[in-house]
Amino acid sequence: MLEELDRRGCPSLFATHLHEEIGHLPLMLNRTKNKVLRVVEGDERRCDGSKKNGDNASDNGGPVHYVYQVEDGVCDNSHSLATASYHGVDEELIKRARELRRDSSSFRQEDVLQKMEKRGEEEEEKEKQEEKQEEKQEEKQEEMLEWWTKPTSLDEYVSCMESLRGRESVLIPSEWDPPPTIADDVPCVYVVEIDGGDGGVYIGETEHLADRMKRHRQVFGKNIRVVVFPINVEEGGRTEARRIEARGIVEARRAGFIVLNIAS
């Protein structure tokens, strides 16, 4: 908020109790000036030598005088205990609070800096991971684009697909049923070759390959060959299969294949 106000250059009065945190943050400020309400500690008095009303014990134990003047600087003490004492808070409570403050003051600033440093390291690591993920995604898209522009036959198509997936495909000849290991409840992308490829191809995805092949044979006839590419859950399962299917249909058409993706 403070950086945005400074960037816009609008007249503002930004008051905060978080003086310790603000004072140690690496803020990017160009127009902002730090101001503080002057408070006199110790035996110092006003310029006329008189004692100012409201004198009280400072958080450090000495007297504090409220001068009610704004001057340049950064607040390094809220004088909360002196204010509490001035307004009648029980002295035993103030004494205990002062003891706790002494115990915590030695590590408070270091703790804030450590938290800031850790947060910065976490954000930097997150940015690196996101960059790596984007690079992998771009490389994968480039591989797929290169792959889909190369094939001129179904065999080349299958070979490129196997190279991209890093594993061999499963060929199901005409009139054969799929093996039990991929027949049901296994996400996969498949290519149906119709009449040796002269009748075109069908690209699809399913988790129930046996039922899908049965329907395709009813539509295209029994003389079809099916090439199957199983997708593991670790690879993205059916979500990944659907992505490959959609990209495959578009790019196969661009490569000159006759793609017969119709409702079946």
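The values are calculated or read from the model by the stated rules, or taken from the named source; none is laboratory data. Remember, it's a predicted structure, so these values are computed and weren't measured experimentally. All Cβ positions, glycine included, derive from the backbone under ideal geometry; neighbour counts span all protein chains shown. Surface accessibility is based on the protein's heavy atoms, side chains included, excluding ligands, DNA and RNA. Shrake-Rupley method; radii C 1.70, N 1.55, O 1.52, S 1.80 Å.
Here are the numbers for the structure shown:
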quantity	calculated
Failed item in (1) more than 23 Å from ASN232 (Cα to Cα); (2) at pLDDT 80 or above; (3) touching a Cys at 6+ places or on another chain (Cβ under 7 Å), with ILE182 passing the rest	(1)
Options GLU71, GLU99, GLU117, GLU110: the member that is modelled with pLDDT of 80 or more and part of a helix (DSSP H, G or I)	GLU99
Among residues of the stretch 181-215, those that are surrounded by fewer than 18 Cβ atoms within 10 Å (Cβ to Cβ), of a type outside the set (Gly, Ala, Ser) and in a helix (DSSP H, G or I), counted	5
Criterion violated by VAL228 - all others in (1) open to solvent by less than 60 Å² (accessible area, probe 1.4 Å); (2) part of a helix (DSSP H, G or I) satisfied	(2)
Selection count where residues are closer than 19 Å to ASP155 by Cα and in contact with a Ser or Thr (Cβ under 8 Å, 6 or more places away or on another chain), scope the stretch 203-229	6
Residue match in the stretch 235-243 (condition: β-branched (Val, Ile, Thr) and at pLDDT below 85)	no
Candidate set: the stretch 74-96, residues that are of a type in the set (Gly, Ala, Ser) and more than 20 Å from THR16 (Cα to Cα); chosen: the one modelled with the lowest pLDDT	SER85
Residue in the stretch 235-261 that is surrounded by the fewest Cβ atoms within 10 Å (Cβ to Cβ), counting only those that are under 17 Å from LEU209 (Cα atoms) and free of Cβ contacts under 8 Å to residues at least 40 places away in the same chain	THR239
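This table checks each residue for (1) modelled with pLDDT of 65 or more; (2) assigned to a loop (DSSP other than H, G, I, E, B); (3) within 29 Å of LEU100 (Cβ to Cβ); (4) open to solvent by 100 Å² or more (accessible area, probe 1.4 Å).
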{"position": "THR16", "(1), (2), (3), (4)": "yes, yes, yes, no"}
{"position": "ILE22", "(1), (2), (3), (4)": "yes, no, yes, no"}
{"position": "VAL36", "(1), (2), (3), (4)": "yes, no, yes, no"}
{"position": "VAL39", "(1), (2), (3), (4)": "yes, no, yes, no"}
{"position": "CYS47", "(1), (2), (3), (4)": "no, yes, no, yes"}
{"position": "ASP59", "(1), (2), (3), (4)": "no, yes, yes, no"}
